[in-house]
Each structure stands twice: as structure tokens, then as C-alpha cells.
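This report refers to the structure that appears directly beneath it.
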């Protein structure tokens, strides 16, 4: 899947809309914990707003000003139990202890609320990551054919962290900052209304400024995500093909390509950093202006006798507290805009509808299929491409075998991909035992089909796990029986760890023939009634191919089998052969009849023997 172009950025939803959408999707099941953490957070905010008050009273005591009666009474009562000194020293001691307790209580509540809310954020990442991964598995092969592995991996692993950034770096700090600002404004208005007005003006200017930088920040954040995804893709492709890179001595070339892609990512990262730093610096300047205004107004009121010296300390304390929520709001805005880019890329996946999918009328197969297959007037075209198949009509009776041959690009793989519904035909119908396969559930349909691909798909796991992939409930005796039927048991038993041998990524520790035999063993273990073999002997030497053909015959016995092959000598054993050319059936029959017809099949057969004379000896 190609990355989204920058020109489309202006049509994307605003950061707030897409972040709210992602929050709504991921918050299910987390409301109770969020509510508890939020209440604790508000309580901690309220406690932290008390911090400047003890300092106000301490300064007033030192300056000889009166303090509230409750401070005097509390100091006297505590002094009867603990020797804290006489007034005013006892009052100062009590206020210092109060200041310490407020700090400890605020810190404790903050730790607890943070632990709860960070846990909520991480669980949401977990849930979103699983959702995206599961959804990707249900998308059609057309999506996976166009998407790079590196890009898909980046969306699952890193773009899903957008929800934690939205929740833990956006929503929670934003709410905390808003509550703190409201509390500070209320106190300032209570002391002198002009101070509250100044605070509100500073907040309004900040909001306008953040709105102004939202669009460029979101645009640069999206470009950073896209380029980081491309860096991941380039690294994944190069590392996966490292043997080819080394064999052709292309290390410097690949390093240069990686450096160019990483350089693009660096460029946008630097631009985003400059914009964010400039924005935070502007917030700092705005804060400095607000601080100067508040300090000057407070000091003037003290000089005129309207406020006490302790009120100056109180206002300066709140100004210090004011900086943190203002800074949080600035950081919250940039975090939300960056997270919105990741959220958009997540929704690019989640908004894709799986195709094909079960219809409301789909019913499961309640019994094993007989395996009678018919392609009736089937045509197919990939999106934005010319038709690949034209009016295909093929009948495959249950328990028989069919070979599909033809030049490269004739539509062979596309044709067989219609049977397990990797794609649906544009026109026509595919029947299984007389039923339109679109009326069967995908799970029950694919349960009837075992596919042996041209390139065996093996995982970095043990041989046992790889064979059992088609039937996880199989016991060890069934797995060994499948391996024996595929002709794999002999080489497996020679390995030091036998069935427990780890075969590396894509089975790199095994030979081509051994990998293909494990793929066959997997098909044997599934015991499906319909078998699809896609170029099963490609790349094998004559001896390995001969042994594999014996195993293939065992697998095909009594089952409906479709074989795709360029190796025409391997399809002579089938019941019928269909020859495709440019998406049309041009010949159909058995090997001998097609040879006598001197058509495309005969030309391909003779050309193959002339090109590879060693095949004559093998035959």
C-alpha cells in the first residue's frame, strides 16, 4: 500500500475529530478505571492548589501582619501535645509542617492516579494493536499484495501508540491543566478581579496560538510517520534479502538507499522539532509577560494597602503553578497533533472493509465436502486493471484432478485464488457441490481446502509446530503419520532434535525439498477434500522432484486436486488439463489428446523439452 501523499493532508479530519474517534473506540471497558484515576487526579490537583497558602501566612507572620484565627488556635492546640515553640515560632513551625504534608499528599495522589491512568493507556494500546492486527488478517490478498510488510508492521507496532499519546499525553494532562488554571483563576479573582482577568487573557491568547500551529504540526507529524514507515520497510526488505544483497556485493548500494530514506525522515523530524520548540518558546514568552503583569499588579496593591505582603508570595506561587499547566497545554496540543497522524494511519486500516466477507445469508458447511467444483462463466479483473479472466467454464468432478497450465500471466494463479475466495469473480459463479461458494461461510469453505504454495510458508518454530499449523489439535502420532506420508519423516528423524528442531525464519535451516515436504505434511494433516498445488516442484532437482511426486500422488488420492505447473511433465498423471492463454481457456483435455491436437499445450511441451533436454531423460 502506498503511503498517503502530502497533497491529501488538507482533506484529512482535524486532529480533535480523529482523536475523539479513536478515544471512543478504545475506551470501552476502561471507563471505571478512567473515572477512578480522573477523580484522584482532580483531588491531587486540588491539594496542589493549597501549596502557596502556608507560605503566604508565614510571610505575613514574619512581616507582623495578622493571620487567620484558625492558624493561631491550631498552633496553640498542637503546642499542648508537641513542643513546636511559642507564637509566632510555633505558628511558623505548624505552617511548615502543613506545607510538607500538602506536598507529600499531593505526590502520593499523583503517583496513584498516574499508575492507574498509565495502565489504562497501555491497555488501550494493547487492545488497539490486537484489533489492527486481527483486522489486517481479514483483509483481502489484494491489500497485502499492495502493502509492504514494513509499512504494515509499523502501523501495528508504532502507530497504535497514538492512543496512549492521546490519552496519557493529551487528554489527562489537558484536563489537569484546565482544572488547575480554573482553580488559579478563581483564587486570583478572589484576591483581586484584575488578576483573574489577566490570567484569562493569557489563556485565551494561548488557545488562539495553539490553533494557529495545529495544521502545520499535524502535517509534519504525518510526514514523520510516513517516512519512518518507509525506513522500516527499507530495512525489512534489505534484511530479508540479505543473502542476495551479499551475493551481488550490493551492501553499499543498499546502505546508500537506506541513508537517503533515513535522511528524508530526519528532515521532517527536524522541521517538526523546530516547530514544536518554537511553539513552546512562544508559550514561555507568553508566560513571562503574564508573570510580569501579575507581579506588578500585586505589588502595586500591597503598596496601596489593598493586599498583604503574603499575598505577593501567594500570587507569585500561583504564577509558578500557572507555568506548569500552560506548558502542559502547549505540549498537549503538539502531542495530540502528532498522535492524530498515527491515529489517521490506524483508521486507514480499520476503515478498510474485508473483501470478500460473509454475507448475512452465508451458511456453514455442516459436513465434509464431496469436492465437486464448477467454474461457470467466470470473469475477473483486478482494480484499475484490464480483465484477467474471461468467461471461464470448467467442471472438476469430485475426487478427480485438474492441471492448469499456460504462459506466464495467463491467469492461472488468479483462477485458483477464486476457489478459497481470496477474490470474488466480477461475473459468473464458482460452485462447490452445487452451492455458490459466496453462500458459504469463509471459515467453513476454507476448512475444505488445503493449499501447497510454490514457496513454502514456514515459521521460525519447531518442525512439529510447522506441520501442526493446519491442525493444532493433532497429536504426535498424527503429526508423524503426516510427515511420513509426505516423505519427510526420514530426514526429520536424522536431525538431532527430531520434531523439535527449530528451522529458522522461513525454514532457512532446511533445503528446498525439505521445506516443500513439510508443506505437504501440513496438507496431509489437514486432511481436506480439496487440494491446490501451486508449482509444487519448482526449483527442485530431478531426484528430489521424483520423490516429491510420489508423495503428491499419495496426497491427491481420493481428493479433488487442482495443480498449477509450468513443469508439464509433472501433470501427465492428472485426469484433465486446462490450458489458459490471456485469461481464456484455449484447450482442455488429457495429456495424450492435447499432444495430438498440436495446439498451445504441445508447443509449450516441446519448447520445454528443447530448452531443458535433461527432462527427456527424466521422463
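Please provide three numbers in whole Å: the alpha-carbon extents of region 105-178 along the principal axes, with the largest listed first.
Principal-axis extents of the Cα atoms in region 105-178, largest first: 57, 19, 16 Å.
Report the convex hull volume per residue for region 232-319, counting only C-alpha atoms, in Å³.
109 Å³
Return one number: the angle in degrees, 0 to 90 and rounded to the nearest 10, between the long axis of the Cα atoms of helix 172-191 and the longest principal axis of the Cα atoms of the chain.
Around 10 degrees separate the two axes.
Hey, how many Å between the Cα centroid of region 225-294 and the Cα centroid of region 399-449?
45 Å
So what is the calculated 222 nm ellipticity per residue for the chain, using -39500 (n - 2.57) for each DSSP H run with n of 4 or more, over all residues, to the nearest 500 deg cm²/dmol?
-20500 deg cm²/dmol
Using only Cα atoms, find the angle between the long axis of helix 600-611 and the longest principal axis of the chain, and express it within 0 to 90 degrees, rounded to the nearest 10.
90 degrees
What is the helix-to-structure angle for 31-48, meaning the angle in degrees between its Cα long axis and the longest Cα principal axis of the chain, kept from 0 to 90 and rounded to the nearest 10?
Rounded to the nearest ten degrees, it is 30.
Hey, what's the Cα Rg ratio for region 51-192 versus the globular rule of thumb, 2.2 N^0.38 Å?
1.84
Please work out how much length the chain gains when fully extended from residue 212 to residue 123, using 0.36 nm per residue of separation minus the C-alpha to C-alpha distance, in nm with one decimal.
Taking residue 212 through residue 123 to full extension adds about 28.7 nm, to one decimal.
What percent antiparallel are the DSSP beta bridges of the chain, to the nearest 5?
If we restrict to bridges inside the chain, about 50 percent are antiparallel.
Could you give the length gained by full extension between residue 493 and residue 377, i.e. 0.36 nm per residue of separation minus their alpha carbon distance, to one decimal place?
Stretched fully, the residue 493-residue 377 segment lengthens by 36.9 nm.
To one decimal place, what Kirkwood hydrodynamic radius in Å is obtained for region 20-350 from all pairs of distinct Cα atoms?
23.6 Å
Using all Cα-Cα distances in region 150-195, what percent lands in each 10 angstrom bin from 0 up to the longest?
25, 25, 20, 14, 10, 5
Just order 565-571, 463-469, 422-428 by mean Cβ neighbour count inside 10 Å, highest at the front, would you?
463-469, 565-571, 422-428
Between residue 255 and residue 603, what is the label-point separation in nm under the 7 Å Cα-to-beta-carbon projection?
5.0 nm
Show me the ranking of peptides 65-74, 572-581 by mean Cβ neighbours inside 10 Å, starting with the highest.
Highest-to-lowest ranking by the protection proxy: 572-581, 65-74.
Jot down the per residue volume, in cubic angstrom and as a whole number, of the convex hull over the alpha-carbon atoms of the chain.
Output value, Cα hull per residue: 230 Å³.
Just the Cα atoms of region 255-363: what Rg and Dmax do they give in Å?
According to the Cα coordinates of region 255-363, Rg and Dmax are 25.6, 86 Å.
Using Cα pairs closer than 8 Å and at least 6 residues apart in sequence, work out the relative contact order for the chain, in percent.
Relative contact order for the chain comes out at 14 percent.
Output the peptides 401-410, 437-446 sorted from most to least packed, where packing is the average of other Cβ atoms within 10 Å over each peptide's residues.
401-410, 437-446
Counting C-alpha atoms alone, how compact is region 398-444: give Rg to one decimal and Dmax as a whole number, in angstrom.
Considering region 398-444 through its Cα atoms, Rg and Dmax are 12.0, 33 Å.
Bear in mind these aren't lab numbers, they're just calculated from the coordinates by the rules spelled out. Given the structure is predicted, the values throughout are model-derived calculations rather than measurements. Virtual Cβ from ideal backbone geometry, glycine too; neighbours counted across all protein chains shown.
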